[in-house]
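Accompanying notes for the structure given below.
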Amino acid sequence: MSILIQLIVDGLAMGLVYVLLASGFNLIIGISRILFIAYGEFYMLGAWIIWGLMIPLKVPFFFALVVATIAPAILGAIVYQVIFRYIQFKEQQFLTNIVAAMGLMMLMAQATLFIVGTESRGIPSVIRGMVNVGGIRISYEKVMLIGLTLGVIIGLHLLLQKTKIGRAMRAVSFNPDVAALQAVNANLVYLGTMAVGCALAGFAGGVMAPVFAISPKMGGVTLLIILVVMLGGVGSMPGAILSGLILGQILSFGQYFFESGVAQIIFFAAIAIILFFKPGGLFGQAQQISLQ
Amino acid sequence: MLEAIKLTKYFGGLAAVNELNLRVNQGEILGLIGPNGAGKTTFFNVVSGFFPPTNGRVLFEGKDISQLKAHDIAYRGISRTFQASTLFMKLSVLDNVFTGYHKSYRTRFLKRVLHTPSARKEEEGFRQKALETLEFMGMASLKEELAANLPHGYQRTLGIAMALATNPKLLLLDEPATGMNLTEKNAVIDLIRRIRDMGITIILVEHDMKVVMDLCDRIIVLNFGQKIAEGLPEEIKSNREVVEAYLGKEESKNAA
Amino acid sequence: MVKHNRYLFNRTSMRIHKFIYAIIVIIILALLPQVVRNPYYIHLLIMVGINAVLAMTFILMLRTGLMCLGIAAFWGIGAYASAMLSMKLGLPVWLSLPAAAVITAIIAAFIGVLLVKQGGFGFIIQTLAFGFIIVLIFGTFQVFGGHVGIVGISHPESIPIPFVGSMEFTSISKMPFYYLMLFLSLLMVLVLTAFYSSTAGRAWRAIGLSAHLAESLGINLFNYRLLAFIIASAIAGLMGSFFAHYYGTLVPGSFGPFKTINVHVYAILGGINFPILGPVIGSLIMTFVPEFLRITEGVEPIFTGILMILLVLCLPDGLLGLTHLWQRRSKPS
């Protein structure tokens, strides 16, 4: 019984990370219509920044986490300004963006391999100790992970629902031309979206670093995220939450009972079946940011 | 020939076409008019198979075509033009029209790939026909010109030529005279009459009232996706509701 | 070759000129390995050939609106199929080569029916996922050799050539493989050209220019796209089976998205408006330029990534797209 709860908690921790990633990815594709294949690289970047700051430089974790969130955001903004801005308003925007994103992915993936080598690393515990919840022991770090991610997810939804910026983002995702009539600068929104999306990715990478391993191949998570997003319905925030959590549980239980490769295959199979019956995903294919 | 029964099309919460009942008789030129957003182009899109209707049915020659897709509807004999200049921009005028004959090939697919003499002969035949269609439209001299280089008026008529190439029984013309000067408009009017004389039924969506009054045997007026008037041109001209529908727009334009 | 000439032969003189150029190019290609003796360069040329054909299949699909990010997977399916047919079932290689292509075509037909219907967006993601899954499958199950792969795949049996002797396929000389690759590539080019100049090719071109308009003229988008998908995958599979018997070893990782992205680059470097010539140019440049610049294996993906971004920003029509600039100047307006 306690193993069951343990697995569920592990699945929750993993799932929330995926929820973060799926949300950020949803933002970028829902608002800017960029299928950002390089997204996983920013996640990896966040994790490695944590490692790079904490191990050689002995920077405290929370400070490193802030950097791990802001640095990818800045990089994302730069990448948008230098590359995607020029594609965004041309014809064939969608396909061309994909090619640029693939190029960026290759670039970042290989550069990372170059810089950090091929081995996975870990960081020493940030908070030691375990908490005892109803007979099971959960590490403080996992609790911190869960708490922080929940906080950020709620913060993101508040941003989208309540703030002027969030409204502007939703307007642009619905119809950029109409939004322009309301004096919303589409390009600025795209820039901000990329920054926020990459910040989320970096944060996810940073926050999971104490709990899971940091590998130079982490960028490969992008495909999984794309599938999570498709499962939940492209552009649907609630969908991202639900399917991220589902993935977390499947991985958690799958890894316990089978080897890791098989767990992924199970997830793929599950997605294939669900999408076959409901092609728009669980919450329908809005292709724009929807909060329902 | 064509009949729409309680045709409804919703986009999200908005009914672009709302319980529309409409009939087109064979050989006539039916005019479809109404203010912008009245649902005329949506009606075309549903009839030509680009959108499935939310409710209601469309019958063509007695058969239900509501759920057919666009290419199947082309095979049934309905063709359309588009509002924007939708052409194969990078192809020549002749190639554009030639593509319209694509569905008429009779040789087996395998023979066409192997370029057998019979396949090549049929292809040559369609090239001839494309040329004849261009001559019918008075555009034969432009046959080598790139579609993208054509002046706007000729681009519209090229669209009509392509639709003709599919050998339609019913032709849906979406604002064929838009952006044309007087000479061009008269040429288009003449052209549409000649098309009707070939035995093709026509539904005409158009904003230019002169064109509509000149050409149409019957007129149906739409507003907010519903039919608000139907009848002969003279009747429609003096119909108060119709005038209001249009004038209402004028009023708000003046007020703004 | 005489039988095929009739397909290219046409009344206009431009066709005759093209035909003569083609013959000259073929002769040059045939004599190339006599001039270039270094076996490493011959290996590179063989890979150029394979990659060029793969890029041609990628363009075939792309022009109909299908960006297939799983092309390397079909290349892999053909390779593994042929390897298994010849090793586990003992089929002679000359039989397993076409058989693998047929198997790939059948798999492509089933997958295609599901995927092509999705429309652009879903198709892209699902072919990407398909590419990943295939590599995962090849790497996980022992039947396919697991992550070690398949080793020691048999070379093709020797072909008797009248009056000259026989052409042996051994590990010693790369030349016979080069000629086999040349033959297969030219054959595929012929098949592609036949399709492109037929009504199917015109339909594909129409779909690529304006799918909406093509549909309204009666062109069945799904059928033609599926056709392009199956043909492209089958050709990729055939090249894969050649690769298996040439290289002798198959490692699952080499059939993944990295390879697909490379093929994509070959295609857009040449220019997607040149479905045959573009891939050849792109493949040539991408294979030899890193050689001469001495770009090591580690740096190559960085080079490729930067190139992709630059291409998409500065040269969207590829290198051959630049010829339009000089053509436009010489045409009287």
Answer with yes or no whether B:Arg156 is part of a helix (DSSP H, G or I), in contact with a helix residue (DSSP H, G or I) (Cβ under 7 Å, 6 or more places away or on another chain) and surrounded by 20 or more Cβ atoms within 10 Å (Cβ to Cβ). no
When you look at A:Leu158, is it surrounded by fewer than 16 Cβ atoms within 10 Å (Cβ to Cβ), outside any loop (DSSP other than H, G, I, E, B) and more than 14 Å from chain C (Cβ to nearest Cβ), yes or no? yes
Residue check, B:Phe88 out of contact with any Leu (no Cβ under 7 Å at 6 or more places or on another chain), within 13 Å of chain C (Cβ to nearest Cβ) and aromatic (Phe, Trp, Tyr): no
When residues of region B:91-125 are limited to those that are closer than 19 Å to B:Leu158 by Cα and among the β-branched types (Val, Ile, Thr), the one farthest from the other protein chains (Cβ to nearest Cβ): B:Val93
Just checking, does region C:288-302 include any residue being within 22 Å of C:Leu322 (Cβ to Cβ), modelled with pLDDT under 90 and within 14 Å of chain A (Cβ to nearest Cβ)? yes
When only residues in region B:25-58 that are out of contact with any Ser or Thr (no Cβ under 6 Å at 6 or more places or on another chain) and part of a strand (DSSP E or B) count, which is nearest to the other protein chains (Cβ to nearest Cβ)? B:Leu32
Return a yes/no flag: does region A:47-68 have any residue that is within 13 Å of chain C (Cβ to nearest Cβ) and in a loop (DSSP other than H, G, I, E, B). no
If I ask for residues that are farther than 15 Å from C:Leu60 by Cα, among the hydrophobic types (A, V, I, L, M, F, W, C) and touching a residue at least 60 places away in the same chain (Cβ under 8 Å), which ones from region C:269-307 would you list? C:Leu284, C:Met286, C:Phe288
Going by what's in this entry, would C:Phe222 be described as aromatic (Phe, Trp, Tyr), within 16 Å of B:His102 (Cα to Cα) and either touching a Pro at 6+ places or on another chain (Cβ under 9 Å) or surrounded by fewer than 19 Cβ atoms within 10 Å (Cβ to Cβ) (or both)? yes
Counting only residues that are outside any loop (DSSP other than H, G, I, E, B), facing another protein chain (nearest Cβ under 8 Å) and more than 30 Å from C:Leu44 (Cβ to Cβ), how many does region C:163-204 have? 4
Lone unmet requirement of (1) at pLDDT 85 or above; (2) farther than 29 Å from B:Gly12 by Cα; (3) among the hydrophobic types (A, V, I, L, M, F, W, C) for A:Leu188: (2)
When you scan region C:273-292, do you find a residue that is surrounded by fewer than 24 Cβ atoms within 10 Å (Cβ to Cβ), among the small types (Gly, Ala, Ser) and either on the phi < 0 side of the Ramachandran plot or assigned to a helix (DSSP H, G or I) (or both), even just one? no
When you scan region B:134-145, do you find a residue that is more than 21 Å from B:Lys90 (Cα to Cα) and touching a residue at least 60 places away in the same chain (Cβ under 8 Å), even just one? no
For A:Thr118, indicate whether it is within 11 Å of chain C (Cβ to nearest Cβ), part of a helix (DSSP H, G or I), surrounded by fewer than 22 Cβ atoms within 10 Å (Cβ to Cβ) and touching a residue at least 24 places away in the same chain (Cβ under 8 Å). no
Report whether or not A:Leu200 is in a helix (DSSP H, G or I) and surrounded by fewer than 24 Cβ atoms within 10 Å (Cβ to Cβ). no
Every residue in region B:4-34 that is surrounded by fewer than 19 Cβ atoms within 10 Å (Cβ to Cβ) and within 18 Å of B:Leu204 (Cβ to Cβ), please. B:Arg23, B:Asn25, B:Gln26, B:Gly27, B:Glu28
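Residue-by-condition table, conditions (1) within 22 Å of A:Val189 (Cα to Cα); (2) of a type in the set (Val, Ile, Thr); (3) under 16 Å from the mean Cα position of the chain (by Cα):
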| residue | (1), (2), (3) |
| --- | --- |
| A:Ala22 | yes, no, yes |
| A:Leu27 | yes, no, yes |
| A:Gly30 | yes, no, yes |
| A:Leu35 | yes, no, yes |
| A:Leu45 | no, no, yes |
| A:Pro56 | no, no, no |
| A:Leu65 | no, no, yes |
Quick check on my filter: what residues within region C:225-258 are over 29 Å from C:Val151 (Cα atoms) and more than 10 Å from every other protein chain (Cβ to nearest Cβ)? C:Arg225, C:Leu226, C:Ala228, C:Phe229
Could you tell me how many of the residues in region B:64-76 are part of a helix (DSSP H, G or I) and crowded, with 19+ Cβ neighbours inside 10 Å? 4
Kindly list, by first and then second residue, each pair from a residue in region A:92-103 that is more than 7 Å from chain C (Cβ to nearest Cβ) to a residue that is of a type in the set (Lys, Arg) and buried (at least 22 other Cβ atoms within 10 Å of the Cβ), limited to pairs with Cβ atoms under 7 Å and residues at least 6 apart or on different chains. none
With criteria (1) without any contact (Cβ under 8 Å) to a residue 40 or more places away in the chain; (2) away from every other protein chain (no Cβ under 14 Å); (3) among the hydrophobic types (A, V, I, L, M, F, W, C), B:Ala15 comes up short on (1)
Restricting attention to region B:77-112, report how many residues are free of Cβ contacts under 8 Å to residues at least 40 places away in the same chain and surrounded by fewer than 19 Cβ atoms within 10 Å (Cβ to Cβ). 8
All but one of (1) facing another protein chain (nearest Cβ under 7 Å); (2) assigned to a helix (DSSP H, G or I); (3) at pLDDT below 90 hold for C:Gly218; state the number of the condition that does not hold. (2)
Members of region B:126-153 found to be within 13 Å of chain C (Cβ to nearest Cβ) and not in a helix (DSSP H, G or I), listed by number: B:Glu144, B:Glu145, B:Leu146
Just for region A:232-263: of the residues that are under 15 Å from the mean Cα position of the chain (by Cα) and farther than 21 Å from A:Val9 by Cβ, which one is surrounded by the fewest Cβ atoms within 10 Å (Cβ to Cβ)? A:Pro238
For C:Leu238, state whether it is free of Cβ contacts under 8 Å to residues at least 60 places away in the same chain and assigned to a helix (DSSP H, G or I). no
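The values are calculated or read from the model by the stated rules, or taken from the named source; none is laboratory data. Since we're looking at a predicted model, the values are computed, not measured. We place every Cβ from the backbone using ideal geometry, glycine too, and count neighbours over all the protein chains shown.
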